[in-house]
Amino acid sequence: MRSLEKKYGSAVVVDNIDFEVRSGEVFALLGPNGAGKTTTVEILEGVRRRTGGDVRVLGYDPAEDDPSWRARIGVVPQTTGAYLDLTVREVVEHFAAFYPAPLPPDEVIDMVGLTSQRRKQAQQLSGGQLRRLDVAVGVVGDPDLIFLDEPTTGLDPVARREAWDLVRHFADRGKTTVLTTHYLDEVEALAQRAAIIVAGKIVETGPISELGGRKTDRSVVEFVASGALDGLPLPPLPPGSQAREEARRVSVHTHRPTETLAALLPWAHAAGVRELDELRIHRPTLEEVYLQLIKDREEGTR
């Protein structure tokens, strides 16, 4: 996708963005509400027309909505579908009929954890169960590419983990997934790469472990210098490390946390201390990086 743009009159919703999703990966599109995520995904799905740019999804322009291309994608939208008085099995069977080579409906129903509800009418399901039914509808065609827009909204923690297992199941089968979510633990658990979009612009794209400089940002090694370590000078630490101590709590800011720990342990053992009290190694979290990127972008546009 190159230079994708979407305007409504003079309002620019998606502003000249680029990114590429690799075959077989789980790719996350992140950003605050109103950033342009859903608009971007709907353009990729072929349900919304772009204003400009070049877009190819599985080799096709989604604006042309080729039937053979449409059969190769699966969509789990953000809003729960309404299936009135159909049973779970009838809903899945109905959507399976739209595809040339769908998965067996009962297999999909089992996959999303609705086997015991398969004879229930959809209107009798809980909100979380309806969300699972949405997922079943989105994947029953055995698509090559799956769009998951907030797939675990409304699910309890157990159901969320089950949904994650489903994403991994399709990834293991070589399927490609585009995921939008506000749950950053979900992104870390499932995605290999991500793009962060703010106010219609991509602010960063890359592997999850490297977003916002996570790979090179300093980590903090912390511990309490108790017992024989109280007041004892620290050993030589890796180049560039900075240590400070306050009320016996030692904090070492370093790009090399493993090397730092390797220097501290023999130092402690030599003083007769076998365990460093309250030892903690803190690396920048995805949430911290994500919030900082959004803040930097918003401040830069003021």
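Details
- Residues whose placed amide H lies under 5 Å from that of D142, excluding near-sequence neighbours: L103
- For segment 186-201, Karplus couplings with θ = phi - 60° (6.51, -1.76, 1.60), whole Hz, Gly/Pro x: 5, 5, 5, 6, 10, 8, 8, 9, 8, 10, 10, 10, 9, 6, x, 10
- Here the chain yields Rg over Rh of 1.10, to two decimals, using C-alpha coordinates and the Kirkwood radius.
- Three-way shape label, segment 211-295, alpha-carbon gyration tensor, a/c 1.5: prolate
- For segment 102-114, backbone phi angles converted through the Karplus equation (6.51, -1.76, 1.60; θ = phi - 60°) give residue-by-residue couplings of x, 6, x, x, 5, 5, 5, 4, 5, 4, 8, x, 10 Hz, Gly and Pro being listed as x.
- Of the listed residues D85, D106, the order by accessible area with a 1.4 Å probe, largest first, is D85, D106.
- R49/R22 FRET efficiency (R0 35 Å; Cβ-Cβ; nearest 0.05): 0.85
- Taking packing as the residue-averaged number of other Cβ atoms within 10 angstrom, the listed peptides 272-281, 136-145 run from highest to lowest as 136-145, 272-281.
- Convex hull of Cα atoms in segment 245-302, direction-averaged projection (nm²): 5.9
- Between 0 and 90 degrees, the angle of helix 286-300 with respect to the longest Cα principal axis of the chain falls at about 80 degrees.
- Label-point separation in nm, A228 to S10, each point 7 Å along Cα→Cβ: 7.5
- On Cα atoms only, tilt of 257-270 relative to the major axis of the chain in degrees: 40
- Segments 17-23, 254-260 sorted - mean Cβ within 10 Å per residue, highest first: 254-260, 17-23
- Interchain or long-range residues, amide H under 5 Å from V178's placed H: F27, I146, F147, L148
- Value of D in µm² per second that Stokes-Einstein yields for segment 205-246, Kirkwood Rh from Cα pairs, at 37 °C (0.692 mPa s): 250
- DSSP beta bridge pairing in the chain, given as percent antiparallel to the nearest 5: 65
- Seen against the Cα atoms of the chain and their longest principal axis, helix 127-139 is set at about 70 degrees.
- With viscosity 1.567 mPa s and temperature 4 °C, the Kirkwood radius over alpha carbon pairs of segment 53-134 converts through Stokes-Einstein to a diffusion coefficient of 92 µm²/s.
The values are calculated or read from the model by the stated rules, or taken from the named source; none is laboratory data. On a predicted model such as this, the values are computed, not experimentally measured, just so you know. Because the Cβ atoms are built from the backbone with ideal geometry, glycine has one as well, and the counts that use them run over all protein chains shown. We work out accessible area using only protein heavy atoms, side chains counted, and drop any ligands, DNA or RNA first. Shrake-Rupley method; radii C 1.70, N 1.55, O 1.52, S 1.80 Å.
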